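Asks: Take a look at this one; I'll ask things after.
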Amino acid sequence: MLVAATLAVHAGGASAQGVGGRDPSLILQDGQWHMYCTGPGVQEFVSDDGTEYRAIGSVFDDAPEWLATALPPTAGQAPRSEGGSPDTQAGGAVHIWSPHVARHDGTYYLFYSVSSPGGNESAIGVATNKTLKRDDDDYQWTHHGPIVTSIPGRDMYNAVDPCLAFDDDGAPMLVFGSFWSGVKQVRLHEDLTRVSRPEQWRTLARRHRYWKLDEAYAGDWMNGAVEGPFVYGKDGRRYLFATWKVSDRGRDRCAIVVGRSDDVRGPYRDRIGRDMRVGGGSNVVGGAADWPSVGHCCVFTAGGRDMLAFHAIRNSVDNGNDQRAELIVRPIEWDASGWPTVSLE
Amino acid sequence: MTIRNVRARQALGLGRILCVSVLLTCVAAPAALAQAELIGIHDPVMAKDGDTYYVFGTGRGVTVFSSQDRENWEREPSVFDGPPDWIREVIPGFGRRGSLWAPDIYHHEETYYLYYSASQFGRNNSVIGVATNATLDSDSPDYRWVDRGMVVNSVAGRDMWNAIDAHVTHDAQGAPWMSFGSHWGGLKLVRLRDDLLGVEQDPAKRQWRTIAARHRYWKLDERDAGDSANPELDYDELYAEPVTELNRRSESGAIEAPFIFRKNGYYYLFASWDRCCRGADSTYKVVVGRSEEIAGPYLDRADQDLAWGGGTLVVANFNESERWAAGGHNSVYTFDGKDYLVFHAYEATGRGASRLLIKEIDWDDQGWPTVTLSE
């Protein structure tokens, strides 16, 4: 039985796991934690206690078959911060971004995205399995996709950073997006591997973007910098967590914000009632001296305690331009009005 | 040949509400119109088959007229008896008697391609479809319009563009393109499949681009065209009242009807700004920009990018005209070595009916097109 206090332990200056990784998504199966992160073939970490994680390598050895007809051969690059370039072929295992793991009706779903840095030629797919334990006899991933694709010049959204959500009647939604016109939601078919027909779409979160910016340009800290959505249900409400890029004393950094709604379809409003579709969002965790930049979170419950998992980037004077992200897990404090905050102390 | 007696509605009489349904004047008319009388049409495009000219416009099954001289027109059978059934599967609210908007007629390798749009006022759940024929001559044994289905559709909440107002052409290298769009994020250009019946899907060849746009306030709801006239939205809930009023009176994002014409090494992109469909209160106007490449950027006479609100006025003297209040949604064709602007204009008097105008284009010494109204 996982005790929340163990996960909260954090020696000053070091992450609880000392694990390098980005865009974590966590789930528990039979007492073992599985954490999935951006990386070649999706990088997996496992833990028996939620505190000590060990890397067990790629989930997928080969690129999903649907990729060859959905995206050009240059797709599948690492993010720019990890040396990715939009111009070269992705050799070897395809670099997969922002996995999102969920369990539904006895099946495990691993949503993921494939893209190239700086552009929105991207696609989201999902792989299904009966189990996450690699030793199980029926451990076998099956790829489905693309679920949604974004094409530069056609779409003002980027098909990355997927996350699954359900309405009160159990209708599934895919929530995704990064920069451009923000976070989108589309209703899924009940098998979770494709969009429903007729298509039902809306925008959940958006930030100011100058209208004259070229559609090929993703945006920046003052133009549309919102990504990494995560929808969490609690006490009859839905919370939409997202990552903003902001400018702080001349340096770009990321922060995690939130809004909430009574309906999974929104509108999501922050603490002071601002709609996230017009720039609203209240701070959840905004970085501290050692980690000025935090982003791309997921929420999970361990031992009855809500936890936030996210990555942080040191960006310290010593590290200079080191953009290596480290994984952090912290308990969420819910205040009397039902708003979440997380401390990095 | 019988002339169909078509019941039609006018834009006026509906107050400030835009009406982009059938806008023909009553066409219960004798077989040949008097020479001075101009036919009622909306969004005209033209083609010539043999010695006969044909004009196509918005209408229930796409409206068609023919002429031997481009002055005396007689009514032809519509392309369809009614809108194709598949449209209602893509747009559930589309009526069985709904009108098809803004056709384009394109002749390529022995086949005529007729592109048409289906949509609903103020919303961007829209489709562009295509039908083909071997001939436009309805007396020919080979005359048969065959619907080929959907080319592209736009989905509210997903797309920041509206799949109406198609125009198809090949570039100088022989690649096929479709320009289209109305309001929202502006006019799009997309590479078509070589068979002209769909959008190119191959990731190595597909290409999309925004070629013209006007300012749009970033906070507007994605389901708002820019004019706060979507009947499915509750504007009291969405915006403060001054914002709604501003949108309804402003020209935010009001651009549509692209047409690309090649001349002297340039692609000229014509488009229409401001408000159609309000009779004598319309503010519709034709603008143009040009580019050496079909994908743009299209720059106007003052080097302003059409994607950033640029555009040079083509018909400059509507305000001096006694007969016409406004006009637009043009096409451009060359007949006997002369270039013509084909468009509709709203009468300044009476019911503000929209009528077919065909005016010769003057190209100035910098290569910019102008049209001067004479009445």
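Asks: Got a sec? Which strands (runs of 3 or more DSSP E) wholly within region B:1-75 have at least 1 residues that are of a type in the set (D, E, K, R), modelled with pLDDT of 50 or more and within 23 Å of residue B:166 (Cα to Cα)?
Replies: Working: elements: B:45-49, B:52-57, B:63-67.
By residue number, B:45-49.
Asks: What are the residues in region A:158-168 that are in contact with an Asp or Glu (Cβ under 8 Å, 6 or more places away or on another chain) and either within 12 Å of another protein chain (Cβ to nearest Cβ) or at positive phi (or both), if any?
Replies: Within region A:158-168, just A:161 meets the criteria.
Asks: Tell me whether region B:331-343 contains one or more residues that are within 28 Å of residue B:52 (Cβ to Cβ) and touching a His at 6+ places or on another chain (Cβ under 7 Å). Spell out how you get there, then give the answer.
Replies: Initial filter on region B:331-343 (within 28 Å of residue B:52 (Cβ to Cβ)): B:331-343.
If we keep only those that are touching a His at 6+ places or on another chain (Cβ under 7 Å) too, we end up with B:343.
Scanning region B:331-343, I find at least one residue that is within 28 Å of residue B:52 (Cβ to Cβ) and touching a His at 6+ places or on another chain (Cβ under 7 Å), so the answer is yes.
Asks: Being within 12 Å of residue B:196 (Cα to Cα) and surrounded by fewer than 16 Cβ atoms within 10 Å (Cβ to Cβ), is that true of even one residue in region B:110-120? Write out each step before concluding.
Replies: The initial filter retains those residues of region B:110-120 that are within 12 Å of residue B:196 (Cα to Cα), namely B:111-115.
From what is left, the residues that are surrounded by fewer than 16 Cβ atoms within 10 Å (Cβ to Cβ) are B:111.
Yes - at least one qualifying residue is present in region B:110-120.
Asks: Let me ask something else about it. Can you list residue pairs whose Cβ atoms sit under 6 Å apart, with the first residue in region A:154-165 being assigned to a loop (DSSP other than H, G, I, E, B) and the second being surrounded by 24 or more Cβ atoms within 10 Å (Cβ to Cβ) and of a type in the set (Lys, Arg)? Count only pairs 6 or more apart in sequence or on different chains.
Replies: Once the first residue is assigned to a loop (DSSP other than H, G, I, E, B) and sits in region A:154-165, its partners that are surrounded by 24 or more Cβ atoms within 10 Å (Cβ to Cβ) and of a type in the set (Lys, Arg) give A:157/A:184.
Asks: In region B:155-175, which residue that is more than 18 Å from the chain's Cα centre (by Cα) and under 19 Å from residue B:306 (Cβ atoms) is nearest to the other protein chains (Cβ to nearest Cβ)?
Replies: B:160
Asks: Moving to a separate point now. Return yes when residue B:129 is part of a strand (DSSP E or B), of a type outside the set (D, E, K, R) and surrounded by 18 or more Cβ atoms within 10 Å (Cβ to Cβ) and no when it is not.
Replies: On the way: part of a strand (DSSP E or B): yes; of a type outside the set (D, E, K, R): yes; surrounded by 18 or more Cβ atoms within 10 Å (Cβ to Cβ): yes.
So residue B:129 passes the test.
Asks: If only one of A:220, A:235 is within 29 Å of residue A:306 (Cβ to Cβ), surrounded by fewer than 23 Cβ atoms within 10 Å (Cβ to Cβ) and among the acidic types (Asp, Glu), which one is it?
Replies: Values: A:220 fails: within 29 Å of residue A:306 (Cβ to Cβ).
Exactly one residue qualifies, and that residue is A:235.
Asks: Same structure, new question: Scan region B:139-163 for residues that are hydroxyl-bearing (Ser, Thr, Tyr) and surrounded by 16 or more Cβ atoms within 10 Å (Cβ to Cβ) and report the count.
Replies: To start, the set of residues in region B:139-163 that are hydroxyl-bearing (Ser, Thr, Tyr) comprises B:140, B:143, B:154.
With surrounded by 16 or more Cβ atoms within 10 Å (Cβ to Cβ) added as a condition, the list becomes B:154.
Final tally of qualifying residues: 1.
Asks: Can residue A:85 be described as under 19 Å from residue A:20 (Cα atoms) and either free of Cβ contacts under 8 Å to residues at least 40 places away in the same chain or acidic (Asp, Glu) (or both)? Outline the logic, then answer.
Replies: Details: under 19 Å from residue A:20 (Cα atoms): no; either free of Cβ contacts under 8 Å to residues at least 40 places away in the same chain or acidic (Asp, Glu) (or both): yes.
Criteria not met by residue A:85.
Asks: Give me a count of the residues in region B:137-175 that are in contact (Cβ under 8 Å) with a residue 24 or more places away in the chain and part of a strand (DSSP E or B).
Replies: Result for region B:137-175: 12.
Asks: Then there's this: Tally the residues that are more than 15 Å from residue A:337 (Cβ to Cβ) and away from chain B (no Cβ under 13 Å), restricting the search to region A:262-288. Walk me through it before giving the result.
Replies: Kept after step one, since they are more than 15 Å from residue A:337 (Cβ to Cβ), are these residues of region A:262-288: A:263-268, A:274-281, A:285-288.
Subset that is away from chain B (no Cβ under 13 Å): A:263-264, A:268, A:281, A:285-288.
Looking only at that region, the number is 8.
So that you can scan it fast, the table gives a plain yes or no per residue for (1) within 12 Å of chain A (Cβ to nearest Cβ); (2) part of a loop (DSSP other than H, G, I, E, B):
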{"residue": "B:177", "(1), (2)": "no, no"}
{"residue": "B:189", "(1), (2)": "yes, no"}
{"residue": "B:196", "(1), (2)": "no, yes"}
{"residue": "B:204", "(1), (2)": "yes, yes"}
{"residue": "B:209", "(1), (2)": "yes, no"}
{"residue": "B:225", "(1), (2)": "no, yes"}
{"residue": "B:248", "(1), (2)": "no, no"}
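Asks: Go through region A:214-227 residue by residue and tally those that are part of a loop (DSSP other than H, G, I, E, B) and either in contact (Cβ under 8 Å) with a residue 24 or more places away in the chain or closer than 11 Å to residue A:120 by Cβ (or both). Before the answer, list the steps.
Replies: Restricting attention to region A:214-227, the residues satisfying the condition of being part of a loop (DSSP other than H, G, I, E, B) are A:214-219, A:221-222, A:225.
Of the ones still in play, those that are also either in contact (Cβ under 8 Å) with a residue 24 or more places away in the chain or closer than 11 Å to residue A:120 by Cβ (or both) are A:215-219, A:221-222, A:225.
Count: 8.
Asks: When region A:116-145 is examined, which residues are found to be within 11 Å of another protein chain (Cβ to nearest Cβ) and either modelled with pLDDT under 95 or outside any loop (DSSP other than H, G, I, E, B) (or both)?
Replies: Residue satisfying the conditions is A:123 alone.
Asks: Next up: Cβ-Cβ under 6 Å, sequence separation 6+ or interchain: first residue in region A:55-82 and at positive phi, partner surrounded by 13 or more Cβ atoms within 10 Å (Cβ to Cβ). Which pairs?
Replies: Listed by first residue and then by second, the contacts come to A:76/A:90; A:76/A:94; A:76/A:95; A:76/A:114.
Asks: Sticking with this structure for a sec: Out of the residues in region A:170-194 that are among the hydrophobic types (A, V, I, L, M, F, W, C) and without any contact (Cβ under 8 Å) to a residue 40 or more places away in the chain, which is farthest from residue A:297 (Cα to Cα)?
Replies: Residues of region A:170-194 that are among the hydrophobic types (A, V, I, L, M, F, W, C), as a first pass: A:171, A:173-176, A:179-180, A:183, A:186, A:188, A:192.
From what's left, without any contact (Cβ under 8 Å) to a residue 40 or more places away in the chain: A:171, A:186.
Values: A:171: 23, A:186: 20 Å.
Top of the filtered list is A:171.
Asks: Output the number of the condition that residue A:295 fails; it satisfies all remaining conditions of (1) surrounded by 23 or more Cβ atoms within 10 Å (Cβ to Cβ); (2) at pLDDT 95 or above.
Replies: (2)
The values are calculated or read from the model by the stated rules, or taken from the named source; none is laboratory data. Because the structure is a prediction, the values reported are computed rather than measured. All Cβ positions, even for glycine, are placed from backbone atoms using ideal geometry, and neighbour counts span all protein chains on display.
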